[in-house]
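Enquirer: Have a look at the structure that comes next, please.
The values are calculated or read from the model by the stated rules, or taken from the named source; none is laboratory data. The shown structure was predicted, so the numbers you read here are calculated from the model rather than taken from an experiment. Note that we place each Cβ from the backbone using ideal geometry, even for glycine, and neighbour counts take in every protein chain shown. Just so you know, the surface numbers come from the protein's heavy atoms only, side chains and all, with ligands and any DNA or RNA stripped out. Shrake-Rupley method; radii C 1.70, N 1.55, O 1.52, S 1.80 Å.
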Amino acid sequence: MAEIRLHNTLSGKIENFAPQKAGEVRMYTCGPTVYDYAHIGNYRTFVFQDILRRFLKLRGLKLNHVMNLTDVDDRIIANAAAASVSIRDYTAKFVQAFFDDCKTLSIESPEHWIRATDHIDDMVKLIQQLQKKSFTYPGDGSIYYRITKFPRYGKLSKIDLTGIQAGARVDNDRYEKESARDFALWKAPKPGEHFWETPLGPGRPGWHIECSAMAMKYLGETLDIHTGGIDLAFPHHENEIAQSEGATGKPFVRYWLHAEHLLVEGAKMSKSQGNFFTLRDLFAKGFKPSALRFALASVPYRKQLNFTFDGLQQASSSVERLRNFADRLKQGKFPAGRRAGMAARIVRAAEEFDAGLSDDLNTARALAAAFDLVREANIAVDKGEFRQGDVQTVLDFLATFDKIFAVVEDDDGEKLRALGFGSGGSGLSDEEIDRLVAERNAAKKRRDFATSDRIRKELADRGIIIEDAKDGSVRWKRK
Ligand SMILES: [Zn+2]
């Protein structure tokens, strides 16, 4: 097997990966800020970290992976106050939606799901540690981090510190400025907003201290891997480093991995541009969870992903190709024995698949390895050259493939129904159903029963029943 190589934002290089403790990986992922429904750009990052953890597990490594729910945030506090509800009540709906979405996209649960509101004490203690070491100063009831006290500030994002003004401070958790500024560790309460009474005084934690405190509580002072979207590298992750390393004097994270942005039809996604999509928006348009997962996973994580509806349609076809192939092997009857060279061909595909993923999670290369094999095996089947003795070996390869990509096993119907799609409405227009029925009839005519059965099942999953009449005509109806 190839050495696992990952791009480390800290060094700017692709490095060999080895965890500090043999066989076990300590990993932290910045989770969603639960003030709204997460969008497909967020899920690009979450699918990336899912592929990463699945690959590390496939390589026999034990994962200790923590993902947080940021439920203390400027926007959450303000929105909850405006609605006169508690933080828990305000965020409950979005937290549930996020868990549902993850399940729908086959994103594995990390070993620890944690919430910022459950860890206020840990954040207070970390701020006290920083106070003792003079990394902080007070201002109007808030507590700020003094960046000039941490000379390594900027090492992750390579931000230019020449323009830094000592003592210039910022209260917002998120800031666009290209210059680094002292940030709030603890924020004084604002009238009408939720706050905690703590030894630091009344108030609430800043966003950055949340991740430092929670990551170190569960994973120790030095993590193996920290992941997030590239937009978090500055200021969020830079500030996490400053806080954690300031307090402990030890390296906080050994490998920083960041996923690139997602564009929609070549443009930045934004609500005002009308190109902003949640998962539910796409399911309502009739797309399946597997197609979306495939589309998000197919572009290597360090490349910008241009999300298009054509691309999503292609992803859907790719998933169908894999599923049809698996069905063809499972249902087909082939001559006994093994085909000369086939076993070696499958080994080569498995090696190339592994080599692709080892190469900084080059998912495009790993997918190509699988589709090359599928194409060649399909040709062998068409020519009557495929042998029964090779069936299980190819299915085993597909099973390994699915441990990472998780799209061959078809549970789209159940997932959509669980979200409330597919039972009330199919999400398909009459024209789309007519087209699928015609495709199914054509498949049946050429005796491609794997495809015809798949289309029948797909329609059934969406509540469409096909009826074959005795005279050979075909009708469909909605359940
Ligand atoms: Zn974070």
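Enquirer: May I ask you to rank 299, 34, 347 by accessible area, largest first, using a 1.4 Å probe over the protein chains only?
Expert: Largest to smallest exposure gives the sequence 347, 299, 34.
Enquirer: Here's a follow-up. Would you check the accessible area of residue 393, probe 1.4 Å, heavy atoms only, in square angstrom rounded to 10?
Expert: Surface accessible to solvent at residue 393 totals approximately 50 Å².
Enquirer: Along the Cα→Cβ direction, 7 angstrom out, place labels at residue 112 and residue 1. What is the inter-label distance in nm?
Expert: Roughly 2.5 nm, to one decimal.
Enquirer: Of the options 380, 251, 18, report the single residue whose Cα projects farthest towards the positive end of the charge dipole of the chain (beta-carbon charges: Lys, Arg +1; Asp, Glu -1).
Expert: 380
Enquirer: Accessible area of residue 106, 1.4 Å probe, to the nearest 10 Å²?
Expert: Only protein atoms counted, so the area is about 20 Å².
Enquirer: Could you tell me whether region 299-374 comes out rounded, prolate or oblate from its Cα gyration tensor? Rule is a ≥ b ≥ c as square roots of the eigenvalues, rounded for a/c under 1.5, then prolate if a/b exceeds b/c, otherwise oblate.
Expert: Oblate, since a/c reaches 1.5 and b/c is not below a/b.
Enquirer: Moving on. Helix-only estimate, please: 222 nm mean residue ellipticity of the chain, summing -39500 (n - 2.57) across DSSP H runs of length 4 or more and dividing by its residues, to the nearest 500.
Expert: Helices in the chain give a 222 nm mean residue ellipticity of -14000 deg cm²/dmol.
Enquirer: To continue, here is another question. Suppose R0 equals 22 Å; then what is the FRET efficiency for residue 120 and residue 284 from their Cβ-Cβ distance, rounded to the nearest 0.05?
Expert: Working: r = 38 Å, r/R0 = 1.73.
Working from the Cβ atoms, E equals 0.05.
Enquirer: Rounded to whole Å and sorted largest first, list the principal axis extents of the Cα atoms in region 208-320.
Expert: 51, 32, 23
Enquirer: Can you list the HN-Hα couplings for region 332-340, worked out from phi with the Karplus curve (6.51, -1.76, 1.60; θ = phi - 60°), rounded to whole Hz and with x for Gly and Pro?
Expert: x, 10, 10, x, 5, x, 10, 7, 4
Enquirer: Assuming a ≥ b ≥ c are the square roots of the Cα gyration tensor eigenvalues, decide whether region 320-479 counts as rounded (a/c under 1.5), prolate (otherwise, with a/b larger than b/c) or oblate.
Expert: oblate
Enquirer: Tell me the Kirkwood hydrodynamic radius of the chain in angstroms, computed as one over the mean inverse distance between distinct C-alpha pairs.
Expert: Radius from the Kirkwood sum: 24.8 Å.
Enquirer: Hey, another quick one. Projected onto the charge dipole of region 177-301 (+1 at Lys/Arg Cβ, -1 at Asp/Glu Cβ, origin at the Cα centre), which of 300, 180, 267 gives the Cα projection farthest towards the positive end?
Expert: 267
Enquirer: Just going by the charge dipole of the chain, with Lys and Arg at +1 and Asp and Glu at -1 on Cβ, which of 290, 234, 139 is farthest out on the positive end?
Expert: Positive-most Cα among the choices belongs to 290.
Enquirer: Suppose a student asked you for the relative contact order of the chain, using Cα pairs under 8 Å spaced at least 6 residues apart; what percent would you report?
Expert: The normalised contact order for the chain reaches 16 percent.
Enquirer: Provide the net charge surrounding residue 137, with neighbours chosen by a C-beta distance below 15 Å and charges set as Lys +1, Arg +1, Asp -1, Glu -1.
Expert: +4
Enquirer: In debye to the nearest 20, how big a dipole does region 204-296 give about its Cα centre with +1 on each Lys and Arg Cβ and -1 on each Asp and Glu Cβ?
Expert: Dipole about the Cα centre, nearest 20: 460 debye.
Enquirer: Take the alpha-carbon centre of region 256-274, take the same for region 170-242, and report the distance between them in whole Å.
Expert: Here the two parts' Cα centres lie 24 Å apart.
Enquirer: Let me ask something additional. Using DSSP to define loop residues, name the GluC sites (Glu not before Pro) in region 381-417 whose beta-carbon has at most 16 other beta-carbon atoms within 10 Å.
Expert: Those satisfying the criteria are 385, 409.
Enquirer: Determine which residues of region 431-456 fall in the zone a paramagnetic label at residue 468 would reach in this model, i.e. backbone nitrogen under 15 Å from the point 7 Å along Cα→Cβ.
Expert: Label zone hits: 437-456.
Enquirer: Continuing with this model, one more query. If you filter region 87-193 for GluC sites (Glu not before Pro), then keep DSSP loop positions with at most 10 other Cβ within 10 Å, what is left?
Expert: Qualifying residues, ordered by number: 176, 178.
Enquirer: Of all DSSP beta bridges in the chain, what percent run antiparallel (nearest 5)?
Expert: So the antiparallel bridges amount to about 50 percent of the total.
Enquirer: Where Rh denotes the Kirkwood radius from the mean inverse Cα pair distance, what is Rg over Rh for region 109-247?
Expert: Using only Cα positions, Rg/Rh for region 109-247 is 0.94.
Enquirer: How much accessible area per residue does the chain have, in Å², with a 1.4 Å probe?
Expert: Accessible area per residue: 44 Å².
Enquirer: Project the alpha carbons of region 61-144 onto their principal axes and report the range along each, largest first, in whole Å.
Expert: 46, 43, 16
Enquirer: Let me ask you something else. Any idea what angle helix 87-104 forms with the longest principal axis of the chain, computed on alpha-carbon atoms, 0 to 90 degrees, nearest 10?
Expert: 30 degrees
Enquirer: What do you get for trypsin sites (Lys or Arg not before Pro) in region 298-357 restricted to DSSP loop and a cutoff of at most 14 other Cβ within 10 Å of the site's Cβ?
Expert: Sparse-neighbourhood loop trypsin sites (Lys or Arg not before Pro): 303, 333, 338.
Enquirer: Explain nothing, just the number: relative contact order of region 56-133, from Cα pairs under 8 Å at least 6 residues apart, as a whole percent. Mind dumping the intermediate values first?
Expert: Values: 48 pairs, mean separation 33.8, N = 78.
Relative contact order of region 56-133: 43 percent.
Enquirer: Separate question: Tilt of helix 430-445 relative to the longest C-alpha principal axis of the chain, in degrees (0 to 90, nearest 10)?
Expert: Result, in degrees: 50.
Enquirer: For region 12-77, max minus min Cα coordinate along each principal axis, in Å, sorted largest first?
Expert: Computed over region 12-77, the largest-to-smallest principal extents equal 42, 25, 22 Å.
Enquirer: In degrees between 0 and 90, to the nearest 10, how far off the longest principal axis of the chain does helix 120-132 point, with axes built from Cα atoms?
Expert: With rounding to tens, the tilt is 50 degrees.
Enquirer: Mind ranking 35, 144 by accessible surface for me, highest first, 1.4 Å probe?
Expert: Accessible-area ranking of 35, 144, largest first: 35, 144.
Enquirer: Next question. About the Cα centre of the chain, what is the dipole size in debye to 20, counting +1 per Lys and Arg Cβ and -1 per Asp and Glu Cβ, all else neutral?
Expert: 800 debye
Enquirer: A follow-up question, please. Taking all protein chains as present, what is the carbon and sulfur share of the accessible area of the chain, in % to the nearest whole number, probe 1.4 Å?
Expert: Details: 10480 of 21020 Å².
The value for the chain is 50 percent carbon and sulfur by accessible area.
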